[in-house]
Amino acid sequence: MHTTTPPGGTKRTAVRLTRRGRIALITSGAVAAATAVAVPLLLPDDDEEPRPKTLTIPEGWRSGQVYKAIDKALGVAEGTTKKAVGRADLKLPGDAGGNPEGYLFPATYPIGSQSTPASVLSYMVNTANKKFSGGHVTAGADRNAVNIYQTVTIASMIEAEADTKADMGKVARVIYNRLDRGMPLQMDSTINYALNRSTLRTAASDTKLKSPYNTYARMGLPPTPINNPGEDAMRAATNPTPGNWLYFVTVKRGDTRFTASYEEQRRNVAEFNRNR
């Protein structure tokens, strides 16, 4: 980040508060994810059907990436799956407004000869609903004073921002601490989502973007999830690590530093900039 206001202070400049999400390079429509969970897809009961292909949706993919992967797996024209969203009768929460972002659950799905974009999308959303309806998710949302949809939104930011699985709970705590203090989240990952990009560099002009996903300029959570989070990110969102942190920055791979001190954050950011 390039500008921010510390708690109770005045605006200061040239401070990058959060680490941007990891860059997802799509090399094919079925990139393997080491932590993807295998779930069955509804297939026709046909003994002569050839062994199905598989479609792997990694944690943190955006809906647009998922749509393209489904198109490729099913051998249909690009854009077919995106067009199918409106008529697929997806069982989404009301807050989603028909947008399945956050509910295309990351997993490995077999694809059969009778699979369609609508059937694949429906199974992904139904899987997400099962994963997100457990008692631990509901209880965690209640403890954190958010609803399930907001929890998924927070998990999506955690998925984008955390450098490692071990950091996820701390990133979650930074988000909740900032919300509790009435501070803007200032997550570069949400700006990346608005601009449909993945980058580690956010310019000062980006922070002035007129978008509900600009968490520099707007208070609170973005209006929807910014990707499709996995179980680890959801676990962190429902059970954040205890701490008073308000800032974090990944100085180098495997070295993310969390702090409640604005001055310490400035020093960490300076080290990040030297490493870059």
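For region 191-257, the Kirkwood hydrodynamic radius from C-alpha pairs, put into Stokes-Einstein at 37 °C and a viscosity of 0.692 mPa s, yields a diffusion coefficient of 229 µm² per second. Across region 151-163, rounded Karplus estimates of 3J(HN,Hα) from the backbone phi angles (6.51 cos²θ - 1.76 cosθ + 1.60, θ = phi - 60°) give 5, 5, 4, 5, 4, 5, 5, 4, 4, 7, 9, 6, 6 Hz, Gly and Pro being marked x. A simple rule links phi to the HN-Hα coupling: the Karplus curve 6.51 cos²θ - 1.76 cosθ + 1.60 with θ = phi - 60°, which for region 228-243 gives 10, x, x, 5, 5, 5, 5, 4, 5, 5, 8, 9, x, 5, x, x Hz, with x for Gly and Pro. Compactness of region 117-231 is given as radius of gyration and Dmax, 14.8, 43 Å, from Cα positions. Filter K68/K91; K130/K165; K131/K165; K165/K208 down to the pairs with a C-alpha to C-alpha distance above 25 Å, please. Violating the 25 Å Cα-Cα cut-off are K165/K208. For the listed peptides 185-197, 148-160, 93-105, a ranking on the average number of other beta carbons within 10 Å per residue, highest first, reads 148-160, 185-197, 93-105.
Per-residue packing, averaged as other Cβ atoms within 10 Å, sorts the ranges 119-125, 175-181 into the order 119-125, 175-181, beginning with the highest. Amide H contacts of T54: I111, each under 5 Å away and 5 or more positions distant or on a separate chain (H built 1.01 Å from N in the peptide plane; Pro and chain starts excluded).
In plain terms, the chain from K91 to N273 could stretch by 61.1 nm, reckoned as 0.36 nm per residue minus the Cα-Cα distance. Couplings 3J(HN,Hα) of region 249-261, computed from phi: 8, 8, 5, 7, 3, x, 10, 9, 10, 10, 7, 9, 9 Hz, in residue order, whole Hz [Karplus 6.51 cos²θ - 1.76 cosθ + 1.60, θ = phi - 60°; x for Gly and Pro]. For a modelled paramagnetic label at A139, 7 Å from Cα along Cα-to-Cβ, the residues of region 238-258 in reach, with backbone nitrogen under 20 Å, are 238-243.
Every number in this text was worked out from the coordinates using simple rules, so none of it is lab data. Please read all numbers here as calculations on a predicted model, not as lab measurements. Here the Cβ is made from the backbone with ideal geometry for all residues, glycine too, and neighbour counts use every protein chain on show.
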